[in-house]
1. Scan region 81-92 and give yes if some residue there is buried (at least 17 other Cβ atoms within 10 Å of the Cβ) and within 29 Å of Ser15 (Cα to Cα), otherwise no.
2. Find the residue count for region 56-103, including only residues that are within 22 Å of Glu38 (Cβ to Cβ) and of a type in the set (Gly, Ala, Ser).
3. Do any strands (runs of 3 or more DSSP E) entirely within region 1-93 hold 2 or more residues that are within 15 Å of Pro108 (Cα to Cα) and modelled with pLDDT under 95, and if so, which?
4. Being surrounded by 13 or more Cβ atoms within 10 Å (Cβ to Cβ) and either under 16 Å from the mean Cα position of the chain (by Cα) or at positive phi (or both) is the filter here, so list the residues in region 54-69 that pass it.
5. Scan region 71-86 for residues that are in contact with an Asp or Glu (Cβ under 9 Å, 6 or more places away or on another chain), without any contact (Cβ under 8 Å) to a residue 40 or more places away in the chain and not β-branched (Val, Ile, Thr) and report the count.
6. Is it true that some residue in region 96-109 is closer than 13 Å to Thr25 by Cβ, β-branched (Val, Ile, Thr) and surrounded by fewer than 13 Cβ atoms within 10 Å (Cβ to Cβ)?
7. Write out, first by first residue and then by second, each pair whose Cβ atoms fall under 7 Å of each other, whose residues are 6+ apart or on separate chains, and whose first residue, in region 87-109, is closer than 12 Å to Gly55 by Cβ and touching a residue at least 12 places away in the same chain (Cβ under 8 Å) while the second is among the hydroxyl-bearing types (Ser, Thr, Tyr) and part of a helix (DSSP H, G or I).
Amino acid sequence: MSEEMNYGMLGGDDSSMEEKLSKYTGEVDWSYLKPHYESGVLFFVDSSLSLEVVGAAITQDDKPVVEGWMKKGDLVKIEALHAAQWSEEGDQTGFEALVVSPFVLCRPV
């Protein structure tokens, strides 16, 4: 897996939105994501969506779009069933993740 992902608010530097989203995206394993699940801030993003597009919508507080994804099941808060499966697999499953503080978006790779 790559080095640890950066944390911080996307508004904290002068980079473009795309550069910021790219900077806070990376590949991680379950041990990295588990504390975020335990804090209730970990969300699954369907493969039909780009993590960066979802992150941008959250950053821009685009509630209608985000709520639409949630209603369709394209954006889902990680629940115990998923966490148990991924914990069982240990670090065998890799994830693409994006930190959009305070949330973390992810999907298995």
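The values are calculated or read from the model by the stated rules, or taken from the named source; none is laboratory data. Since the structure is predicted, the reported quantities are computational estimates derived from the model, not experimental observations. Positions of Cβ are generated from backbone atoms using ideal geometry, with glycine treated the same way; all protein chains shown enter the neighbour counts.
1. So far as region 81-92 goes, no, none of its residues is buried (at least 17 other Cβ atoms within 10 Å of the Cβ) and within 29 Å of Ser15 (Cα to Cα).
2. From region 56-103, those within 22 Å of Glu38 (Cβ to Cβ) are 58, 70, 75-103; that's our starting set.
From what's left, of a type in the set (Gly, Ala, Ser): 80, 83-84, 87, 90, 94, 97, 101.
Result for region 56-103: 8.
3. Working: elements: 25-29, 42-45, 75-77.
Fully inside region 1-93 and qualifying: 25-29.
4. Val54, Gly55, Ala56, Ala57, Ile58, Thr59, Val66, Trp69
5. So the count comes out to 4.
6. yes
7. Taking only residues 6 or more apart or on different chains, the pairs are Val100/Thr59.
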